[in-house]
Amino acid sequence: MTGEEFADALAHSLEERENLLKIMSMNHYDMEDNSRIERLTEFKVVYGKSLAEARNCLDKFFTEMTVQDKQNFIFSFFRLCLGFPLIRW
């Protein structure tokens, strides 16, 4: 899979998850204060699994990437999903 194909597949995987993206872009302090602990725990477990799956995809399709490259990609991608801008110093 090329980088472009991977990016396309990743983007399409989010197309029908509008509610998830809205939840992920909201103030997480508010979410934690106004959620039942069971639901919050469930959300965080699933979120953790999504990070692991993203790492698995990079391991499979981009073997030339270093561990740091993969970590940087995951941090950048999920940061964008959370609605935070990327800041380069």
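Yes or no: Lys22 at pLDDT below 80 and out of contact with any Leu (no Cβ under 6 Å at 6 or more places or on another chain)? Yes.
If you go through segment 30-70 and keep only what is within 26 Å of Ala9 (Cα to Cα) and among the small types (Gly, Ala, Ser), you end up with Gly48, Ser50, Ala52, Ala54.
In segment 59-75, the residues that are farther than 12 Å from Phe6 by Cβ form Cβ pairs under 7 Å with partners that are basic (Lys, Arg), at six or more places apart or across chains, as follows: Lys70/Arg55; Ile74/Arg55.
The values are calculated or read from the model by the stated rules, or taken from the named source; none is laboratory data. As the structure is a prediction and not an experimental result, all values here were calculated from the model. We place every Cβ from the backbone using ideal geometry, glycine too, and count neighbours over all the protein chains shown.
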